[in-house]
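For reference, the structure discussed in these notes is given below.
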Amino acid sequence: MVKILFINPVIREEDNPKHIPYGIALLAAIAINDGHQVQVYDANAWRKGDEVLEQVCAADDWDIIAIGGLTTAFGYIKKACKIVRRINPQTFILAGGGFLTSMPREIMDWMPEIDLGVVGEAFVTFPVVLRMFDEHKLIKIPLDFQKTLGIIYRKSNGTPVLNGVRPNIPNLDALPWPAWELFPLDIYFANSKLLFSEESFTSKRRLDVNGSLGCNLICRYCWHLGTTGDMVIEENEDGINDVRFTYGRNIRYHSPDYIVNMVQYLRDTYDIDFISFIDENMMTMDAYSKRTWIFDLCEAWIAAGLQPTCRSKGIPHDDSCKGVHWGGTSHATLHRKESLEHMFKAGCSQLVYGLESFDRDILKTLGKGSTREKNINSVAICQSAGINPIPNIIIGFPEETFESIRNTITALLELGIHAKPHFATAYPGSEWYYDYKDSIIEQYKGNLEAYIADLGDATKITATISHRFSAMELLGLQKIVELRDLRLLELTQIHWNEADQFMKPLATPKTSFNMVKKKIQAPLAKVVG
Amino acid sequence: MEEKNVLKGNFETKKKVILEENPQDNLTNSQQIAKDLKETVLQALGGSMVYVERTNLSWDGNSDKKGE
Ligand code: SF4
């Protein structure tokens, strides 16, 4: 058996830790089921300094120290890998997750401490690597990663080699439940409140559940990083394997029974009162399942006795309410009144809608398939079902203009929405990242790594991808949208129009090997992993 | 008081990593007031409201010679 330490990196230091790392918790459960020795250090929950991390590294003779997360955790992961290598010179360092999958070659160059990276879905690759370690330890077979799918490893001279893509697993129900017990749950429970609805704001014990993987849509700022069947690995123009992201999709979801059994267990074990579904887009699953998945999930939720009493009795929610409320993600064109009403009945209190903009032309460029009318109606439809819509608003799109900002502000006024918009940010793995990579590198004076390290929160401005607006203008426009002040917008536009003749485009798109704007489907395994 | 081992797993590690007392958990009254003030002010920042970190204040411009 292999002795593994998982490190959950610190993210968004300015915010409290609110979400157990679902991927790490799943991989820990898979490793335990396979008979390995597992420990977790949740640096994000504990928020202790480097000294504690050093003690953790020295607490045992680890065979493998595994670390991973999204790009937003890049800074901590980089620092932690240096500490791990200093304290544990012989330990194998394994990395995975979005930060690595989006750019495996660059990450291996920037972090020489990483011995091996799991690229894309890790549910099968990770236990395969652990088995290889086990055999290596037990019968002294040399480690040879040449044929292992879904990894980037180092040759003896340190050069990274990216192997072929690992097929996605077809059946998500084959996965064990995440190993919640290995995380400091009290810290997470203390941060249960979410400012999204009365029910989530009064939650005392909230946990996350991921019901599905994938989304049918192709929003140009969104990334999926292999888990949605979007990633293939092919030789680039230099004859070296590299990742390519595509419009391919493998849509997969857990059965309602799997989800409801899990939530029942969480209620019975931890007395939880709220579940956040962290699915990318629950409504895509509803549409893909021909409108059965959400309906069956809600029915099973109610049949299992998880329905909150405020919903079963039709009374206002208060502290005496029993049952489990929940929230998730929706989509302006994919939701239906019938599904929403059913969701409300089962205890759904809020749904996040990535509306992004209320401008016709901007919406046409997003790949989201929504329109101004549908965006506007979605808020009313969701509200009329009794569910709180949480609209996400973004400014700074490539084609953003004063007119498009005006259209967004008028809709915000009409709908009574107050929003401090995020900035359109090109996260690695998104179409726009590859389209604007050259402009980004230019804005960071040739230092791509500095950009990646800067990506923590989209409310912060990093590199702009807007063709016309600079960071200065976008920061001002963010404030104007927040204030919903059309007078200020008009004044700014008058001033800007005079300068417009002297402006040259700030960001210009180009094509890239890493992004194929076609439906190239990643393989799906035939046998359950 | 409950022992706080920051490591959780399915076996006993050779060494435990027990948390040392965190000064954040034991702020003196005045430290607590300063912390609360900073948090509240930062939330309300805007207009004539400013907040200056006591510890991070630095000045690297030329000093004004007048009055010396
Ligand atoms: S709908 Fe949401 S999850 Fe789907 S591609 Fe767009 S942003 Fe991503």
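The values are calculated or read from the model by the stated rules, or taken from the named source; none is laboratory data. The structure displayed is predicted, hence computed values, not measured ones. Note that we place each Cβ from the backbone using ideal geometry, even for glycine, and neighbour counts take in every protein chain shown. The area values use the complete protein model at the heavy-atom level, side chains included, leaving out ligands, DNA and RNA. Shrake-Rupley method; radii C 1.70, N 1.55, O 1.52, S 1.80 Å.
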Query - Separation of alpha-carbon centers, the stretch A:398-465 and the stretch A:166-196, rounded to whole Å - result: 29
Requested in this report: Report the label-to-label distance for B:GLU39 and A:ALA174 in nanometres (one decimal), using points 7 Å from each Cα along the Cα→Cβ vector.
Outcome: 4.7
Query raised in the report: Which order do A:MET503, A:MET1, A:MET343 take when ranked by solvent-accessible area (1.4 Å probe, heavy atoms of all protein chains), largest first?
Result: A:MET1, A:MET503, A:MET343
**Report entry** Computed label-point distance, nm, for sites A:THR511 and B:ASN10 using a 7 Å Cα→Cβ extension
**Finding:** 4.9
Report summary line: Summing +1 per Lys or Arg and -1 per Asp or Glu among the other residues with Cβ less than 10 Å from A:GLU113's Cβ gives +3
Requested in this report: Please sort by residue number the GluC sites (Glu not before Pro) in the stretch A:220-301 whose DSSP state is loop and whose Cβ has at most 16 other Cβ atoms within 10 Å.
Outcome: A:GLU237
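Once you order the gyration tensor axes a ≥ b ≥ c over the Cα atoms, which shape class does the stretch A:348-442 get: rounded for a/c under 1.5, otherwise prolate or oblate by comparing a/b with b/c?
prolate
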Query raised in the report: What ³J(HN,Hα) values, in whole Hz, does the Karplus curve 6.51 cos²θ - 1.76 cosθ + 1.60 give for the stretch A:248-256 when θ = phi - 60°, with x put for Gly and Pro?
Result: x, 9, 10, 7, 9, 9, 6, 5, x
**Report entry** Calculated over the stretch A:160-238: convex hull of Cα atoms, volume per residue (Å³)
**Finding:** 204
Query raised in the report: Using modelled amide H (1.01 Å from N, peptide plane; none on Pro or chain starts), what sits under 5 Å from the amide H of A:CYS348, excluding residues fewer than 5 places away?
Result: A:TRP326
Query raised in the report: Once phi is turned into ³J(HN,Hα) by the Karplus curve 6.51 cos²θ - 1.76 cosθ + 1.60 with θ = phi - 60°, what whole-Hz value does each residue of the stretch A:32-46 show in order, with x for glycine and proline?
Result: 5, 4, 8, x, 8, 9, 10, 10, 10, 10, 8, 4, 5, 6, 6
Query raised in the report: Based on the alpha-carbon gyration tensor of the protein assembly as shown and its eigenvalue square roots a ≥ b ≥ c, which shape applies: rounded if a/c is under 1.5, prolate if not and a/b is larger than b/c, or oblate?
Result: rounded
**Report entry** For A:VAL209, residues with placed amide H under 5 Å, excluding near neighbours
**Finding:** A:SER276, A:PHE277, A:ILE278
Query raised in the report: For the protein assembly as shown, what is the calculated [θ] at 222 nm in deg cm²/dmol (nearest 500), taking -39500 (n - 2.57) for each run of four or more DSSP H residues and dividing by its residue count?
Result: -10500 deg cm²/dmol
Query raised in the report: Lysine pairs in the stretch A:1-149 8 or more apart or on different chains: how many have alpha carbons under 18 angstrom apart?
Result: 6
Report task. Taking the Cα centre of chain A as origin, work out the dipole magnitude from +1 charges on Lys and Arg Cβ and -1 charges on Asp and Glu Cβ, in debye rounded to 20. Result -> 620
Report summary line: Inter-chain shielding metric for A:27-35, i.e. average beta-carbon neighbours from other chains within 10 angstrom, reads 1
Report task. Set Lys and Arg Cβ to +1 and Asp and Glu Cβ to -1, take the dipole of chain A about its Cα centre, and tell me which of A:LEU477, A:ILE394, A:MET343 lies farthest positive. Result -> A:MET343
Report task. Under 1.5 on a/c is rounded, so check that first for the stretch A:12-114, then, if it is not, pick prolate when a/b is larger than b/c and oblate when it is not; a ≥ b ≥ c are the square roots of the alpha carbon gyration tensor eigenvalues. Result -> rounded
Report task. Using per-residue counts of other Cβ atoms within 10 Å, averaged over each peptide, order A:465-474, A:424-433 from highest down. Result -> A:424-433, A:465-474
Query raised in the report: So how exposed is A:HIS418, as accessible area in Å² (1.4 Å probe, rounded to 10)?
Result: 140
Requested in this report: Within the set of other residues whose C-beta is less than 10 Å from the C-beta of A:LYS519, count the net charge using Lys and Arg as +1 and Asp and Glu as -1.
Outcome: +2
**Report entry** Dipole of the protein assembly as shown, positive direction: furthest Cα of A:CYS310, A:VAL165, A:TRP110, with charges on the beta-carbon
**Finding:** A:VAL165
**Report entry** Environment charge of A:LEU143, counting only residues whose C-beta is closer than 15 Å and scoring Lys/Arg +1, Asp/Glu -1
**Finding:** +1
